[in-house]
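Colleague: Sharing a structure with you now.
The values are calculated or read from the model by the stated rules, or taken from the named source; none is laboratory data. None of these values were measured; they are calculated from a predicted model. Cβ placement follows ideal geometry from the backbone for every residue including glycine, while neighbour counts extend to all protein chains displayed. These area figures cover heavy atoms from the full protein model, side chains too; ligands, DNA and RNA do not enter into them. Shrake-Rupley method; radii C 1.70, N 1.55, O 1.52, S 1.80 Å.
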Amino acid sequence: ALNKLHEALTYAKALTHPHTLAYVLLFALRILIISEDILAVEQYANELVDVASKNDFPYWLAHGKLYQGWVLANQNNIEVSLDAMNEGLRMMISRIEIPFSLGAFARLYVKYDNPEIASTYCKRLSSK
């Protein structure tokens, strides 16, 4: 899967089509977050924020901010990460994406032993 992921990213960059690159970066991030490859998530989240900022893509920018927050959390910068992740969530345009994002939040809270807050996010997920 990772080989195909890198092929897709190489192809998307060669196209010089910013929407395609943003799309591929987001799906790369979703794969890499599962494997918890923090350095790769950081690299691609920063690339996504850069592409989105340069091209005025608020949808893609919201996702990039969310993943930047995830990286910060995994680097033990919890307070800063929550601000970044909340910023990304506030920017979300599509309600379809919110359940995935809330799940990522809940998982971090479980990881850092705060089940009450994780439970709150899970309840939000179940109401979507």
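Colleague: With Cβ to Cβ distances under 12 Å as the rule, what net charge do the other residues near ALA45 carry (K, R +1; D, E -1)? Mind dumping the intermediate values first?
Modeller: Working: positive: ARG30, LYS65; negative: ASP37, GLU42, GLU47, ASP50.
Net of charged neighbours comes to -2.
Colleague: Give the long-range amide H neighbours of ASN114: residues separated by 5 or more places, or on another chain, with amide H under 5 Å away, using H modelled in the peptide plane at 1.01 Å from N.
Modeller: none
Colleague: If I compute solvent accessible area with a 1.4 Å probe over the protein chains, what percent of it on the chain is carbon and sulfur?
Modeller: Details: 4130 of 7200 Å².
Looking at the chain in its full context, I get 57 percent from C and S.
Colleague: In addition: Quick one: putting +1 on the C-beta of Lys and Arg, -1 on the C-beta of Asp and Glu, what dipole do you get for the stretch 6-82 around its Cα centre, in Debye to the nearest 20?
Modeller: Details: 4 positive and 8 negative charges, 38 e Å.
Computed about the Cα centre, the dipole is about 180 debye.
Colleague: With no solvent and one equal point scatterer placed on each C-alpha of the chain, evaluate the Debye formula and give log10 I(q)/I(0) for q = 0.09, 0.20, 0.21 Å⁻¹, two decimals.
Modeller: After summing over all Cα pairs, the log10 values are -0.25, -1.14, -1.23.
Colleague: DSSP loop (so not H, G, I, E, B), at most 14 other Cβ within 10 Å: list which trypsin sites (Lys or Arg not before Pro) in the stretch 1-98 pass both filters.
Modeller: Working: sites: LYS4, LYS13, ARG30, LYS54, LYS65, ARG90, ARG95; in loops: ARG95.
Listed in order of number, the matching sites are ARG95.
Colleague: Within 14 Å, Cβ to Cβ, of SER81, how many net charges do the neighbouring residues add up to if Lys/Arg are +1 and Asp/Glu are -1?
Modeller: Cβ neighbours under 14 Å give a net charge of -1.
Colleague: Can you pull out the GluC sites (Glu not before Pro) in the stretch 28-82 whose DSSP state is coil and whose Cβ has at most 15 other Cβ atoms within 10 Å? The partial results should precede the final answer.
Modeller: Numbers: sites: GLU36, GLU42, GLU47, GLU79; in loops: GLU36.
When the GluC sites (Glu not before Pro) of the stretch 28-82 are filtered for loop state and at most 15 Cβ neighbours within 10 Å, GLU36 remain.
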